[in-house]
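All of the numbers you see were taken from the coordinates with simple rules; none came from a lab. Given the structure is predicted, the values throughout are model-derived calculations rather than measurements. Counting neighbours? That spans all protein chains shown, and the Cβs are built from the backbone with ideal geometry, glycine included.
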Amino acid sequence: MALVAANRANGTFLTSISHELRTPLNLVLGFAALLQDLPHGARERGWIASIGATGKALAHQIDDLLDLARGEAGALRIRLGPVDLHGLLGEVAAMFSQRAAHQGLALRVAIDPRFPAVLRLDAARVRQVLVNLVGNAVKFTSTGAIEVSASVAPLADVGPRLRLAVTDSGPGIAPAERERIFEPFTQGAAARLAEGAAGAGGAGLGLAISRRLALAMGGNLQVQGAPGGGSTFVIELPAAAAVMERGPTLAELPAAPGSAPDPAPTPVRILIVDDSAPTRALLKEILGALPGEPLEAGDGAQALALATTRRRT
């Protein structure tokens with residue numbers, strides 16, 4: 001009972017502190033995005049890009065902390081639905097293509113041609129695992145290539161399994177390190193070897209979270225390879241083909257007989273409600289392109305008063 005209570009308290013603490021960190025971080029990312037739209041010199045644009053990239057990396061660490069807390073509390077949720085895995089893998093590769101090219105790395109996606117077009121998976125969780133694995137591969141690989149592959153492994157005892165693999169030509173992982181790197185806040189010798197060459201760092205949460213997500217989806221995550229020979233991280237998940245029914249596109253919808261053109265849009269009244277003045281300022285800047293001046297309220301009572309006043313006018 002004491003262990004359960006401790007895990008619950010730890011999860012509550014992580015959730016609370018993550019929320020407190022995310023609120024100001026969203027402001028940093030939001031104002032950095034606004035600054036990018038203003039004219040700047042090359043040096044200033046580089047500074048702003050660094051702020052954005054660092055902020056996104058920190059947001060990713062916060063998400064990992066939240067998932068760590070959910071995993072320890074047994075609260076990781078899996079939502080299955082039809083997924084176009086071809087598109088998902090291409091999306092993940094596109095996220096890292098520029099960074100890989102900058103490091104002189106080839107980034108490839110290989111999908112078995114017999115692969116089902118649509119599978120029933122949790123797209124968000126599969127994407128999260130792949131982003132962690134491909135991000136690590138790019139971070140810890142100095143030269144060579146990274147490949148993301150997908151195939152179906154037919155296993156008689158458990159049925160077909162989806163096999164996703166991320167292979168790199170990085171420093172590799174010693175057998176003694178293969179399980180330890182999946183522990184929270186651990187990076188292992190491979191990370192330390194790569195750190196000097198590729199500027200790697202991080203909290204060592206990505207692999208721990210990725211394995212927990214794979215297990216929560218009914219699969220597993222393992223690593224293969226040897227020091228000096230690169231690494232291959234393999235995710236195996238239950239595979240079930242799904243049929244995605246395509247609805248009519250907008251161009252295919254029949255026009256209603258005698259339909260008139262859309263009327264002019266009705267002016268929108270905007271009320272910004274937040275107890276943080278900087279957050280209200282950010283939202284006001286983002287909404288500045290809309291006609292009219294947004295109203296601001298610092299709490300619910302002010303919001304109700306303003307809404308009631310404006311409704312009467």
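Order 55-61, 117-123 from most to least packed using the mean count of other Cβ atoms within 10 Å. Provide the component values of the computation, followed by the final result.
On the way: 55-61: 15.6, 117-123: 18.6.
My ranking of the peptides, most packed first, is 117-123, 55-61.
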*Which cross-chain or sequence-distant (5 or more) residues have an amide H under 5 Å from the amide H of VAL152, H modelled 1.01 Å from N in plane?*
ARG163
_Going by amide H atoms built from the backbone, whose H comes under 5 Å of the H on ASP122, apart from near neighbours?_
GLY81
*Given charges of +1 on the Cβ of Lys and Arg and -1 on the Cβ of Asp and Glu, with all other atoms neutral, how large is the dipole of region 23-126 about its Cα centre, in debye to the nearest 20?*
140
*With θ set to phi - 60° and the Karplus curve 6.51 cos²θ - 1.76 cosθ + 1.60, what are the ³J(HN,Hα) couplings of region 25-40 in order, to the nearest whole Hz, using x for Gly and Pro?*
5, 4, 5, 4, 5, x, 5, 5, 5, 5, 5, 4, 7, 9, x, 9
_Counted charge near LEU221, where neighbours are those whose Cβ lies closer than 10 Å (Asp, Glu -1; Lys, Arg +1)_ = +1
